[in-house]
Amino acid sequence: MAFMRIRTTVDERPGRLASLAAALAKHGGNILGLSVQPDTDGTVDEFVAEVHAAPDTVRQALEAAGGRRVHVIPAHAHELADEPTRVLLLADWLRSQQWRLPDALAELLRADDARWSYGDVTDSDLPDPTLLIVPVTHDTAIRVRRTGLPFTLTEAARAAALVRLGQEPAAPPAGDQSIRLPDGTEVVVRPLTTIYREAVRDLHDRCSPESRRFRYFTSMPTLPPRMFDRLCDRGRGESLVAGHDGQVIALASLMYTQEPGIAEVAILVEDTWQGRGLGGKLIRRLLDIARDQGFAEVRATMLSDNARMRRLMISLGAGIHYTDDPGVIEGRMAIGKMAPAPQR
């Protein structure tokens, strides 16, 4: 009997995990470890198991049970260590040896190789699924390669979180944070609370019907009180307001979804402030929040004629995907693969 690491993508349907477990059991499989990770087109189930059968037999059995992109590779007994404990010990080790970040990423992801990359941090080899580029600064990254087992969005998010841990601690953020736009204008960003109810109402009054339609898919003149309260609810997400000269000029929201590991972003920017880089600054702030909270992917659902938002998401590294509604598209981005901020 051999240890195997088995990974397969499945559709989100009740009973699918049970079908995979039953298929392994028919071949004498004893599941010793299980993790579930979100991905762009389903859920990735990963097992560490003792199995009597050959890898090809296991792969065929799981494909017959509904698995897609099944990978079966050898595993070792030490991989049965408690995963949270392993990661905590790795994080503690990295804090005292920050220069060994590539080694830490290789250990975290059980990769074959991890090394620094300088200059252009984008990767011409992508979409090679066995290669992961983890940005560290605007001009450095770590290239991680793992033979035989593609990386998932969740693993990209874990890698990004470890990179952040390995960097020098930043000063604690204040309640008010100032951001500078490309033209030099200073804008103050704060968490949305109920005290901004009237200011947000005034923002909607000043926005054009088209701007409101792009944000809400309908040109609602005012934000309903129940929707405003939901945006303020920290249990459902994180929302920010941007202010200048005593007025709220933009509203940005990161909303949690029922899909594990996935959050959704949306912004509303006053018309006179559009095209000045404010939207990009706010989206990046939301992506930092999503990364700190452990999300693997962020999505933006937008109308297909919302060219400005589509360009913004593409500039951040998102892929654009069609939906069942011909008038609606999605921008999807793995947190660990966010394009680095431009240097000005």
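Structure values in brief
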read-out	value
Options A296, A318: the member that is open to solvent by less than 10 Å² (accessible area, probe 1.4 Å), under 12 Å from the mean Cα position of the chain (by Cα) and farther than 30 Å from T194 by Cβ	A296
Residue satisfying all of: in the stretch 89-125; open to solvent by less than 70 Å² (accessible area, probe 1.4 Å) and more than 26 Å from E79 (Cβ to Cβ); modelled with the lowest pLDDT among these	D123
Sole exception among (1) at pLDDT 90 or above; (2) in contact with a Pro (Cβ under 9 Å, 6 or more places away or on another chain) for P74, by number	(1)
Selection within the stretch 3-50 - β-branched (V, I, T) and in contact with an Asp or Glu (Cβ under 8 Å, 6 or more places away or on another chain)	I6, T8, T9, V10, V36, T40, T43, V48
Qualifying residue in the stretch 114-125 (condition: in a helix (DSSP H, G or I) and basic (K, R))	no
Tally, over the stretch 155-186, of residues that are modelled with pLDDT of 85 or more and either more than 30 Å from R5 (Cβ to Cβ) or among the hydroxyl-bearing types (S, T, Y) (or both)	10
Residues located in the stretch 59-89, provided they are in contact with a helix residue (DSSP H, G or I) (Cβ under 6 Å, 6 or more places away or on another chain) and in a helix (DSSP H, G or I)	A61, L62
Elements of type strands (runs of 3 or more DSSP E) in the stretch 1-58, at least 2 residues being open to solvent by less than 10 Å² (accessible area, probe 1.4 Å) and on the phi < 0 side of the Ramachandran plot	2-10, 42-51
Subset tally (residues that are in contact with a helix residue (DSSP H, G or I) (Cβ under 7 Å, 6 or more places away or on another chain), part of a helix (DSSP H, G or I) and not acidic (D, E)) for the stretch 251-286	3
Of the criteria (1) in a strand (DSSP E or B); (2) touching a Gly at 6+ places or on another chain (Cβ under 7 Å), which one E330 fails	(2)
Selection count where residues are over 15 Å from M4 (Cβ atoms), surrounded by 15 or more Cβ atoms within 10 Å (Cβ to Cβ) and of a type in the set (A, V, I, L, M, F, W, C), scope the stretch 59-85	1
Qualifying positions in the stretch 147-169 - out of contact with any strand residue (DSSP E or B) (no Cβ under 8 Å at 6 or more places or on another chain) and open to solvent by less than 30 Å² (accessible area, probe 1.4 Å)	L162, G166
Matching residues, the stretch 255-277, being closer than 24 Å to H244 by Cα, aliphatic (A, V, I, L, M) and without any contact (Cβ under 8 Å) to a residue 40 or more places away in the chain	V265
Filter pass, I289 being surrounded by 14 or more Cβ atoms within 10 Å (Cβ to Cβ), of a type outside the set (S, T, N, Q) and within 15 Å of H204 (Cα to Cα)	no
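To keep it simple, each residue is scored yes or no on (1) at pLDDT below 90; (2) over 20 Å from P135 (Cβ atoms).
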site: A307; (1), (2): no, yes
site: L312; (1), (2): no, no
site: D325; (1), (2): no, yes
site: G331; (1), (2): no, no
site: K337; (1), (2): yes, no
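The values are calculated or read from the model by the stated rules, or taken from the named source; none is laboratory data. Because the structure is predicted, anything quoted here is derived from the model rather than measured. So basically every Cβ, Gly included, is an ideal-geometry build from the backbone, and we count neighbours across all protein chains shown. Just so you know, the surface numbers come from the protein's heavy atoms only, side chains and all, with ligands and any DNA or RNA stripped out. Shrake-Rupley method; radii C 1.70, N 1.55, O 1.52, S 1.80 Å.
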